Each structure stands twice: as structure tokens, then as C-alpha cells.
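K.L.:
Can you read through this structure? Questions will come right after.
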Amino acid sequence: MILRTTGQDMAEQAITGGYIGIPYSKLDCQGFVEQVLKDLSVRKPDGTPYNWRGSNSMWRNHITWKGTIEECKKKFGEIPLGAFLFLLKWDGGEEERGYHDGLGNASHVGLYVGTAPLPVIDSQGNRGVDYCKLNVFTHVGLMDMIDYYNEPEPTPSDELDAVRIIRNADSTDEEVLEALKTLTKYLKEVTL
């Protein structure tokens, strides 16, 4: 079991792992990115495999850095290998799923693999796991368990947990206040 991998390893595993051609009914977009991590033996700190509740959950709760494709290229010079790519829409799906945070409806996810036949691998209902064009996606998300070589310094896990608590609509007022205290302490430390 390992807790981290590299973006390069993510891309290579996606390309060489035998996923191409698996039907969507057996491996959907979320399942595909989870399977790549699982096949690389990347696990959560408790030893269990990653198992998100869809691309919306991934986008809202597990991304260390997020932005549009253009913002990513401006910040990092390119899209890092192994980056998660999302299709975000502001089409009402966000509210239907109970999200009221203004982050849009993340309806699809894939992995950036660079210069393979096409730069992205994903799984779509009409063709299963296959290469696709970048223009299918609107946003990039970087995960804290993947080293992209040029990503910004991740914030410590206590601060990430605090952000997740604040964003979670089901958090109690007490949980939100504690999370705000944690973030305030962190911000004071990094600005000194």
C-alpha cells in the first residue's frame, strides 16, 4: 500500500493498464480514475481504496487545486500529466444533487495523459474507456495524493479537512466554527 503516486505514473498506468475498450457499464468515468489509483496500489491513509460518490464529490471534496484549463496552463505552463479533468456545467444539476456552493455540476471526469493518440483517457456511455480530445472538459483538478512536480505546496490535512467541513452543507454550526478557528490559526502562521 502506498499513499502517493506521481502524475507520470498515473498517465502511464492509464495508457498501459488495459482499460481501453472496457464498456462504460463495467467501468464508468469515476470508476476508471479510481481503478487507475487502485492498480497503482494508492490507498487512503486508512488503507482502503478511493471510492468517491461521483465526479461531483471528487470535484468538491478531494481537489487540492482547481481551475479552468486556461487557468491551469497559465499557472503551471501546461496541464500536468495525471491531472483529473472535469466537465462542469451550470445547468441546474448542482441544485438537483443538493449542492448549493456555486461550484457547478461536475458531470464527468477523465485523466490527462499528454501526447498519446489523444491527450485524455476517460469512459463515456457511448464508447467505454478510450482516448478523447481535451475540448470535452472545462476544468482541471489536482489531487493531494499525486505529485505533479510543479504543483503548489499543498496545505496540511487539518486545513483541507477544515475547508471540506465549511463547504459541506450538512456540517453543524459547531463544526463550521471549529473549522474557521483552524483556518484562522493557519493563516496567521503563514503570514508571519
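The values are calculated or read from the model by the stated rules, or taken from the named source; none is laboratory data. These numbers were taken from a predicted model, which means no experiment stands behind them. Positions of Cβ are generated from backbone atoms using ideal geometry, with glycine treated the same way; all protein chains shown enter the neighbour counts.
K.L.:
From the list Glu78, Glu94, exactly one residue is part of a helix (DSSP H, G or I), out of contact with any Lys or Arg (no Cβ under 9 Å at 6 or more places or on another chain) and at pLDDT below 95. Which is it?
P.N.:
Working: Glu78 fails: part of a helix (DSSP H, G or I).
Among Glu78, Glu94, only Glu94 is part of a helix (DSSP H, G or I), out of contact with any Lys or Arg (no Cβ under 9 Å at 6 or more places or on another chain) and at pLDDT below 95.
K.L.:
Here is a list of conditions, (1) at pLDDT below 85; (2) farther than 24 Å from Thr6 by Cα, and Pro156 meets all of them except one; can you say which number that is?
P.N.:
Of (1) at pLDDT below 85; (2) farther than 24 Å from Thr6 by Cα, only one is false for Pro156: (2).
K.L.:
Being more than 13 Å from Gly17 (Cα to Cα) and buried (at least 18 other Cβ atoms within 10 Å of the Cβ) is the filter here; which residues of the range 35-46 pass it?
P.N.:
Matches in the range 35-46: Val42 only.
K.L.:
Further question: Can you pull out the helices (runs of 4 or more DSSP H) entirely within the range 1-70 that have at least 2 residues that are farther than 20 Å from Arg164 by Cα and touching a helix residue (DSSP H, G or I) at 6+ places or on another chain (Cβ under 8 Å)?
P.N.:
Values: elements: 7-16, 29-39, 55-61.
Hits in the range 1-70: 7-16, 29-39.
K.L.:
Tell me which residues, restricted to the range 1-34, are buried (at least 20 other Cβ atoms within 10 Å of the Cβ), farther than 14 Å from Asp130 by Cβ and under 16 Å from the mean Cα position of the chain (by Cα).
P.N.:
Gly7, Met10, Ala11, Gln30, Val33
K.L.:
Follow-up question, since we're still on this one. Which pairs do you get when a residue that is not assigned by TED's automatic domain parsing to the domain that holds His100 and among the basic types (Lys, Arg), found in the range 167-179, comes within reach of a residue that is in a loop (DSSP other than H, G, I, E, B) and surrounded by 15 or more Cβ atoms within 10 Å (Cβ to Cβ), reach meaning Cβ atoms under 8 angstrom, with the pair 6+ apart or on two chains?
P.N.:
Every condition considered, no pair remains.
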